[in-house]
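Student: Please read through the structure below; I'll follow up with questions.
Throughout, read-outs are computed from the coordinates displayed, never taken from laboratory work. As the structure is a computational prediction, the values presented were derived from the model and not from experiment.
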Amino acid sequence: EFPAHGMRIRGLSIATPSGERSGLQVESRTTRLHTYTSTEDPALIPLRFHRYIREAQRPMPGVILIIEDEPSIAENIEFALETDGFLPIWTTTGGDGLEKLKTEAVDLIILDVGLPDMSGFDVCREIRAQSRVPVIFLTAREGEIDRVVGLELGADDYVVKPFSPRELVARVR
Ligand code: CA
């Protein structure tokens with residue numbers, strides 16, 4: 001029975017040049033595997049697969065990692081992202097954020113500068129050592145912007161607190 005727990009349907013693969021194969025491509029967050037039902041006609045794909053096909057035809061939501069220690073801010077961001085169809089993951093420390101990055105397919109990171117365990121700048125440096133995933137900084141003071149930009153940390157954008165979650169989501173988009 002598939003998809004197994006934790007797997008997502010990534011896409012529907014139909015029509016090799018000879019047209020003898022059609023089926024589903026199944027992918028988990030960490031591994032990729034292909035499962036085909038061989039049939040000459042896509043319409044012959046067993047009915048039990050049809051709901052997976054409908055899932056496959058929906059775009060996968062963007063996974064957004066929020067690294068922010070203030071719950072009220074993080075919850076506002078989470079809500080705005082979910083409303084817009086994104087899939088937020090929230091961690092409160094830089095260390096937890098970096099761990100998440102190893103196990104989750106993250107599409108973008110929202111990174112607070114002032115974290116309890118390490119500076120957001122250091123988190124960004126570690127992210128950049130392994131990944132080009134887009135980073136948006138949350139800074140508490142206008143004065144920090146010069147550092148964000150000046151240190152050439154490889155951040156892609158920044159937002160100064162207090163900010164409107166809708167505006168942040170527009171930047172994410
Ligand atoms: Ca903070």
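Student: For L138, list long-range residues whose amide hydrogen, built 1.01 Å from N in the peptide plane, is under 5 Å from its own amide hydrogen.
Tutor: Under 5 Å from the amide H of L138: L111, D112, V113, V159.
Student: Here is a further query. Taking one equal scatterer on every alpha-carbon of the stretch 84-145, how large is log10 of I(q)/I(0) by Debye at q = 0.13, 0.23, 0.27 1/Å?
Tutor: -0.33, -1.00, -1.32
Student: Considering all alpha-carbon pairs of the stretch 65-173, what whole percent are spaced by more than 20 angstrom?
Tutor: Working: 1821 of 5886 pairs.
The proportion of pairs with Cα distances above 20 Å equals 31 percent.
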